[in-house]
Amino acid sequence: MSLKLTSSEVKKHNNRKSLWIVIKNDVYDVTSYLSEHPGGEDPLLDAAGQDATRAFEDVGHSDDARSILKKYKIGSLIPGESCGSKLKWALLALAAAVIIGVAYKKYAS
Ligand code: HEM
């Protein structure tokens, strides 16, 4: 199963009833792993609904931990919002250019 998820969708799953975390652009549903995590529940609850790449790497998790992780993958993050905002800025810049162009023509004539 590989869903395409936005970070705002992931953000909703931020509690022990439904706990998703992002590591390197992949989304993991670790709700059922919460009670099994050797590092305890707290680090996972802290990272719930968020990107935990740094936290995960900083601990120096073993290869074992990485293969456990794979089992919980549910999908990957689409850079929906940042892409959308880039497009928004591009359109804004274009609109500004058109307005400036029209104004310039008006004043120049
Ligand atoms: C959700 C995916 C995760 C999985 C599958 C996972 C798995 C594991 C495993 C198997 C261990 C035992 C040691 C090892 O094999 O490396 C461990 C320890 C630990 N994990 Fe995670 N972990 C996850 C996420 C996190 C996150 C996001 C943090 C945030 C800081 C974290 C913090 C820790 C800590 C503090 C330990 C204890 C290290 C120690 O006692 O030496 N883990 N984890």
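When only the Cβ of Lys, Arg, Asp and Glu is charged (+1, +1, -1, -1), the dipole of the chain relative to its Cα centre reaches about 860 debye. Distances between placed amide hydrogens fall under 5 Å for Leu3 paired with Gly75, Ser76, all partners being 5 or more residues away or on another chain.
Taking only protein heavy atoms and a 1.4 Å probe, the accessible area of the chain is 61% carbon and sulfur. Taking a 22 Å limit on the Cα-Cα distance, which of the listed pairs Lys86/Lys106; Lys17/Lys73; Lys12/Lys88; Lys11/Lys73 fall beyond it? The pairs that break the limit, which is 22 Å between Cα atoms, are Lys86/Lys106; Lys12/Lys88.
Shown in residue order for segment 24-41 are the 3J(HN,Hα) couplings computed by the Karplus curve 6.51 cos²θ - 1.76 cosθ + 1.60 at θ = phi - 60°: 6, 6, 9, 9, 10, 9, 9, 3, 7, 8, 3, 6, 9, 4, x, x, x, 6 Hz (x for Gly and Pro).
The calculated FRET efficiency for Ser32 paired with Ile78, based on their beta-carbon distance and R0 = 25 Å, is about 0.50.
Quick check: with the 1.4 Å probe, what order do Lys106, Lys24 take by accessible area, largest first?
Sorted descending by solvent-accessible area, the residues read Lys106, Lys24.
Two decimals is fine: what is log10 I(q)/I(0) at q = 0.12, 0.24, 0.25 Å⁻¹ for segment 3-78, from a Debye sum with one equal scatterer on every Cα and no solvent? Calculated log10 I(q)/I(0) at the listed q: -0.27, -1.16, -1.27. Modelled label positions at Ala97 and Lys70, each set 7 Å beyond Cα in the direction of Cβ, lie 4.7 nm from each other. For segment 3-78, DSSP calls about 70 percent of its internal beta bridges antiparallel.
In percent, rounded to a whole number, the relative contact order of segment 1-74 is 38, using alpha-carbon pairs under 8 Å and six or more apart. Packing, taken as the mean count of other beta carbons within 10 Å per residue, orders the peptides 28-37, 55-64 from highest to lowest as 28-37, 55-64. Helical runs (DSSP H, four residues minimum) scored at -39500 (n - 2.57) apiece and divided by the length of the chain put the mean residue ellipticity at 222 nm at -15500 deg cm²/dmol.
The values are calculated or read from the model by the stated rules, or taken from the named source; none is laboratory data. Source: prediction; values computed, not measured. Using ideal geometry, Cβ is built from the backbone for each residue, glycine included, and neighbour counts are taken over all protein chains shown. Remember, those area values only see protein heavy atoms, side chains included, never the ligands or the DNA or RNA. Shrake-Rupley method; radii C 1.70, N 1.55, O 1.52, S 1.80 Å.
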